[in-house]
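Please read the structure below before turning to the comments.
The values are calculated or read from the model by the stated rules, or taken from the named source; none is laboratory data. Nothing here was measured: the structure is a model prediction, and the numbers come from that model. Note: ideal-geometry Cβ built from the backbone for every residue, glycine included; neighbour counts use all protein chains shown.
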Amino acid sequence: MVKTRGFEIVSKYKNNNINLPKRQTIASAGYDFEAAKDVVIPSIWRLNFVRIFRLIRNGHQLYERDYELADQILKPFLIPTGIKAYMPDDEVLLLANRSSNTFKKNLILPNGIGVIDSDYYNNPNNEGEISVQIINYGVRPMRIHKGDRIAQGIFMKYLKTDDDQPVSRKRVSGFGSTNDDEEKN
């Protein structure tokens, strides 16, 4: 049988009882991804975010050190899934938040959706492991347990424009690498 699209466990999690993503109902479009380990997502309100917010709100001048602190603080947390996805070259895996994350847990995906390109699979940097970016906007830290469903993935075909230019550059890194490659050029 020729494999077209699906999921595999990355090698570093092979012996960790990781579940492959699966759909939960007959009409589900998304495959539910689980956390590969326990993590605690701190509330943005408990970080130094409030100090930066007050400075901005009260019209104080921000200095380079303030910007550096803000950049360190206001970052999403990455939850590993232990999963990689394979698909045809003309498909993409979109990672979307679960509705229960925002409604019950105050967790959002800061990028709205995650885009997993077909050439992310087995890349040399991280074997193509999919991580989910999360921000906790609630006031309490949120404990995510191994096996908790944290996101859903939907495979989709994508289209190219009539004047699309052929690209020969290959992926050389993992997470966020196409952006990193563009910034270097």
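Here are some notes:
- Within the range 116-145, the residues that satisfy the criterion of being surrounded by 14 or more Cβ atoms within 10 Å (Cβ to Cβ) and assigned to a strand (DSSP E or B) are I116, D117, I130, S131, V132, Q133, I134, I135, N136, M142, I144.
- The number of residues in the range 14-52 being touching a residue at least 60 places away in the same chain (Cβ under 8 Å), closer than 30 Å to D71 by Cβ and not acidic (D, E) comes to 12.
- Single residue of the range 86-108 satisfying the filter (of a type outside the set (D, E) and touching a helix residue (DSSP H, G or I) at 6+ places or on another chain (Cβ under 8 Å)) that is nearest to S43 (Cα to Cα): L107
- Condition met for P124 (more than 16 Å from the chain's Cα centre (by Cα), modelled with pLDDT under 95 and of a type outside the set (D, E)): yes
- Here the range 97-113 is the region considered, the condition is being under 15 Å from the mean Cα position of the chain (by Cα) and surrounded by 18 or more Cβ atoms within 10 Å (Cβ to Cβ), and the residue that is nearest to R169 (Cα to Cα) is L109.
- Selection of first residues in the range 102-118 that are in contact (Cβ under 8 Å) with a residue 24 or more places away in the chain and under 14 Å from V139 (Cα atoms) and of second residues that are of a type in the set (S, T, Y) and in a helix (DSSP H, G or I), restricted to Cβ pairs under 8 Å at least 6 apart or on distinct chains, gives the following pairs, ordered by first then second residue: I108/T102.
- Against the criterion of being surrounded by 19 or more Cβ atoms within 10 Å (Cβ to Cβ) and under 18 Å from A29 (Cβ atoms), I150 qualifies.
- Residue satisfying condition, being touching a residue at least 24 places away in the same chain (Cβ under 8 Å) and among the aromatic types (F, W, Y), within set Y63, Y86: Y86
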